[in-house]
Amino acid sequence: MKRLDNRAIPAAPGEIRAFIVARDEMSRLPENLRHHRALGVDRFFVVDNGSTDGTLDFLLAQGDAHVFATSESYAESRFGLVWLNELLAEHGAGHWTLTVDADEWLAYPRFETIGLKALCARLDATGAEGLFCLLLDMYARGPMSGATPAPGQSPLDVCPWFDFDGYRFVRAEHFPHLQAYGGVRERVFTSLGALAPHPPTISKIPLVKWRADRRFLLSAHALTPTPLAKTTGALLHFKFLSDFAQRVEKEVARGEHFGGAVEYRAYAEILARDGDLVFWNARSRRWTGADDLVALGLMASDEGLEEAQGRA
């Protein structure tokens, strides 16, 4: 990786730092940064892997971003894991860190009024060093081809729906020895004969108090043993915008994702057959906020967090 910016990186032990790998993410990255800044992220460390859509110029113009570039193979980096672990070891140790994709937004109980610093203070007080999250695929009411946010518009405005049930947890080899499956991708794509032998893992541990000896093992799905909070969160996942079909075509051609892009080849097969997709059905629920996810059992809170105040 080659660092492209020359901005100072202070020691600042109280900072919350986000880490992202990006490639051609101008349709999602600006709102991702806006969302996480509002929560309380102080600084972003972004690896750009060959963007050609203006992502790199956008990142270099952000005063709170440190930009690294590499043309190396995404697959050979273990799907960005080598790059992320290297940056986390150098710039994350001693900090609360948030590791997300460009299409993922962190949510947690009362995140609308409680900032990340207050959440992390609560986790510190309980000895927790990681937050387990369910990846919640968001989608539109109508055809996916119409889910196009205007410049500066939140993707949540055009994709405010999610599956409110149909999730399951299975034992796994690596810590936290638990992975989630289900949701709309299993409902839609598996029912159509795709995503064999199993659908994507939809659980991650994105918020971690990093230590020098800590490592992610399978993306953010698994890491070296870490005390986890009783509170759990969600990652709102904005994969299914109107550019999805074009992105699938590119990723099938590149073959850089897991299993030679097996998941993307399954998507391509269905898109070639059906042309467009509608995800909405009787299992769909419109986003209203974190309280609803807690009520549905998709996130968990605790009394101490409920008593926390402010966005500090």
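The values are calculated or read from the model by the stated rules, or taken from the named source; none is laboratory data. Remember, it's a predicted structure, so these values are computed and weren't measured experimentally. Heads up, the Cβs are rebuilt from the backbone with ideal geometry, glycines too, and the neighbour counts pull from every protein chain shown.
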Evaluate the following for G193: is it on the phi > 0 side of the Ramachandran plot, at pLDDT below 95, of a type outside the set (A, V, I, L, M) and touching a strand residue (DSSP E or B) at 6+ places or on another chain (Cβ under 9 Å)?
-> no
Is there a residue in the range 139-156 that is surrounded by 18 or more Cβ atoms within 10 Å (Cβ to Cβ), touching a strand residue (DSSP E or B) at 6+ places or on another chain (Cβ under 6 Å) and not hydroxyl-bearing (S, T, Y)?
-> no
In the range 184-192, is there at least one residue being surrounded by 14 or more Cβ atoms within 10 Å (Cβ to Cβ), free of Cβ contacts under 8 Å to residues at least 12 places away in the same chain and farther than 25 Å from N32 by Cα?
-> yes
Within the range 203-312, helices (runs of 4 or more DSSP H) holding 2 or more residues that are at pLDDT 95 or above and either surrounded by fewer than 19 Cβ atoms within 10 Å (Cβ to Cβ) or within 18 Å of the chain's Cα centre (by Cα) (or both) = 290-295
For G80, work out the one condition from (1) at pLDDT 95 or above; (2) crowded, with 21+ Cβ neighbours inside 10 Å it doesn't fulfil.
-> (1)
E129: passes all of (1) of a type in the set (D, E); (2) without any contact (Cβ under 8 Å) to a residue 60 or more places away in the chain; (3) closer than 20 Å to A18 by Cβ but (2)
Positions within the range 32-55 being aliphatic (A, V, I, L, M) and surrounded by fewer than 20 Cβ atoms within 10 Å (Cβ to Cβ), in sequence order = A38
Would the range 294-302 turn up any residue that is hydrophobic (A, V, I, L, M, F, W, C) and over 22 Å from C133 (Cβ atoms)?
-> no
Looking at A8, A12, A38, A18, which is the one that is aliphatic (A, V, I, L, M), part of a strand (DSSP E or B) and over 18 Å from D243 (Cβ atoms)?
-> A18
Go through the range 81-134 residue by residue and tally those that are closer than 14 Å to W210 by Cβ, among the hydrophobic types (A, V, I, L, M, F, W, C) and part of a helix (DSSP H, G or I).
-> 6
Taking the range 106-130 on its own, how many of its residues are in contact with a Phe, Trp or Tyr (Cβ under 9 Å, 6 or more places away or on another chain) and under 17 Å from A300 (Cα atoms)?
-> 6
